[in-house]
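In what follows, a single structure is set out as structure tokens and then discussed.
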Amino acid sequence: MSKVVQFDPHPAQAAATQSPLHHVAAKPAVGETGVTLTERAFLDHLIVRGEPGVLAGAVEAVLGLELPTQPQRLARNETGSLQWLSPDEWLLIVAGGEGFRLQRELREALGEAHFSIVDVGGGQTLLELSGKHAVEVLMKSTVYDVDPRHFPVGKGVTSVFAKATAVIRRVDESRWELVVRRSFADYCLRWLLDAGEEYGIAHQPTQPAVASHRQTVTDTETVS
Amino acid sequence: MFHIYCPYCAEYREEEEFHPRGQAHIARPADPEATSDDAWGDYLFFRDNPRGVHHELWVHAVGCRKFFNITRDTRSYAILETYRMGERPTVTANGPEAVPSATATLTGALA
Ligand SMILES: [Zn+2]
């Protein structure tokens, strides 16, 4: 195995963890709910880089996922999701606490090959947008063509979102995921709440996908 | 508002996802120690400013973040082709008369 210093970013008895959106209180829709917004906090996000020929075998063996080599593809199974970001870069999102183990297993499987795996979970979070008007909210927010005819289930792109950027992925017919930078999470959330107001947007409490030994802290206010 | 074809993402993407990064195909002198000051100055600071076909380096800054090349007509701003790093242009100033190919689509008025 290559000489890389590894550490578990979420050791047992960890310090309390805060989602970047811990301070924004959930709020039901005014009137009928047309869109639902939920943060999936504390997932482990890993950036995997290398030549597809080098990575494919290990990724399949460890994750049970076929490495998506076609642009804009998103592969998913019960372990997590793996998205093409560029010809030599993928975003792997797995349950909170699983990232360290999978990273070790990938490193063991890849041995001395030329590759890189970086845990970026602390720098970004995942927002889920669902409901029959979710696509309209996205259309107001991004320059990318999210029309369902152009954006089938299993596609994911990185594009401009509001005045920031986001990874936009379609996970099923009416469910979309946004991966946003931690420092832009508050801005993106408030943008979505504003953009979704006319469709009746419900902001659900954060869903922590977190291992049992981790404490989470919230300190909420209400968005006015 | 117009679209540029990213050769790595293999699709047309909104122009605001891209940034231009100057002239393409500038070779660094192989032996800087043996390069004259004039030649080194040319390499560092001097760029072509042709009327017509021009090869440029662009980056898909918000998308895949890869650099690639664009052949562009500086008279009409038409994009004639986009191609990956390491590849050579197929449209050149000495080549066939520059005509806009399907590589660039204008979806609105170009200011
Ligand atoms: Zn691209």
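The values are calculated or read from the model by the stated rules, or taken from the named source; none is laboratory data. Quick caveat: nothing in here was measured; it's all calculated off a predicted structure. Heads up, the Cβs are rebuilt from the backbone with ideal geometry, glycines too, and the neighbour counts pull from every protein chain shown.
Data for the structure
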| quantity | calculated |
| --- | --- |
| Enumeration of residues in the stretch B:55-80 that are surrounded by fewer than 21 Cβ atoms within 10 Å (Cβ to Cβ) and away from chain A (no Cβ under 14 Å) | B:E56, B:L57, B:D73, B:T74, B:R75, B:S76, B:Y77, B:A78 |
| Failed condition for B:N49, given (1) of a type in the set (S, T, N, Q); (2) in contact (Cβ under 8 Å) with a residue 40 or more places away in the chain; (3) away from the ligand (no atom under 16 Å from the Cβ) | (2) |
| The stretch B:62-92 - residue that is of a type in the set (G, A, S) and out of contact with any strand residue (DSSP E or B) (no Cβ under 8 Å at 6 or more places or on another chain) and, of those, nearest to A:D88 (Cα to Cα) | B:G86 |
| Leading residue by the ranking (surrounded by the most Cβ atoms within 10 Å (Cβ to Cβ)) among those in the stretch A:127-159 that are touching a residue at least 40 places away in the same chain (Cβ under 8 Å) and within 14 Å of chain B (Cβ to nearest Cβ) | A:V157 |
| Conditions (1) touching a residue at least 60 places away in the same chain (Cβ under 8 Å); (2) assigned to a strand (DSSP E or B); (3) touching a Gly at 6+ places or on another chain (Cβ under 9 Å): number failed by A:V48 | (3) |
| Any pair with Cβ under 7 angstrom, 6 or more apart, that starts in the stretch B:65-76 at a residue that is over 12 Å from B:R51 (Cβ atoms) and ends at one that is polar (S, T, N, Q) and within 16 Å of the ligand (Cβ to nearest atom) | B:R65/A:S86; B:K66/A:S86; B:F68/B:T82; B:N69/B:T82; B:I70/B:T82 |
| For A:F42: the one exception among (1) within 27 Å of A:A202 (Cα to Cα); (2) of a type outside the set (K, R); (3) within 16 Å of the ligand (Cβ to nearest atom) | (3) |
| Pairs, first at pLDDT below 95 in the stretch B:8-20, second away from the ligand (no atom under 11 Å from the Cβ) and of a type in the set (K, R), C-beta under 8 Å, six or more apart | none |
| Matching option when the condition is loosely packed, with under 12 Cβ neighbours inside 10 Å and more than 14 Å from chain A (Cβ to nearest Cβ), among B:R21, B:R47 | B:R47 |
